[in-house]
1. I'm trying to understand the selection: among the residues of segment 84-131, which are closer than 16 Å to residue 67 by Cβ and of a type in the set (Lys, Arg)?
2. Among the residues of segment 99-147, what is the count of those that are touching a residue at least 12 places away in the same chain (Cβ under 8 Å), of a type outside the set (Phe, Trp, Tyr) and within 12 Å of the ligand (Cβ to nearest atom)?
3. Looking at 111, 115, which is the one that is of a type outside the set (Asp, Glu) and in contact with a Leu (Cβ under 9 Å, 6 or more places away or on another chain)?
4. Just to verify a result, which residue in segment 63-119, among those that are of a type in the set (Phe, Trp, Tyr) and assigned to a strand (DSSP E or B), is nearest to residue 159 (Cα to Cα)?
5. Restricting to segment 127-159, what's the tally of residues that are surrounded by fewer than 17 Cβ atoms within 10 Å (Cβ to Cβ), modelled with pLDDT of 95 or more and at positive phi?
Amino acid sequence: MSDTPAPNWKSTFPIRQSDEHDVSRRQFCKVACCSALAVGGGWLAKDKLFPQPKATEPNLIARVEELPVGGYKLFAYPTEHHPAILVRLSESEFVAYSQSCTHLMCPVHYRHEKREFYCPCHEGFFSAEDGRVLAGPPPRSLPRFPVEMRGGEIWVTPA
Ligand code: FES
């Protein structure tokens, strides 16, 4: 033992250096439980904090004669802030998707000769048949919206 008196702070914080790295089972369980609760609570609250927009009403998008086969029309859905695209794949087949690339939200463009959507930002490609990723960095398919033909009109309906 040395003769030098212990500094004042040691009496205020009486923790020995050798004990500083010891973690009791109880302390470990407290930290683990608090972390699990924080992560679980965050997961449950994400829909409340960042709600996904949902349309509740069918929207009239176009009249059939507006679009030739291979043609497309841009519209907004489910809100005015969400660009979407309606494509006429054949005489009787219409499809509608979000126009925002699932990678970093650049607008996608339709190429009828390949029946695909192209994102020029990072060379992303999606199938126009079902929206699946064909190539590039997009992590998931383009969101698809249900389309209904009513007489000569094309409606997008809530999923
Ligand atoms: Fe579309 Fe990156 S934003 S590929």
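1. Selection gives 88, 111, 115.
2. Total satisfying the criteria: 24.
3. 115
4. Among residues in segment 63-119 that are of a type in the set (Phe, Trp, Tyr) and assigned to a strand (DSSP E or B), the one nearest to residue 159 (Cα to Cα) is 97.
5. Selection size over segment 127-159: 1.
The values are calculated or read from the model by the stated rules, or taken from the named source; none is laboratory data. As the structure is a prediction and not an experimental result, all values here were calculated from the model. With ideal geometry, Cβ positions are generated from the backbone for all residues, glycine too; neighbour counts draw on all protein chains shown.
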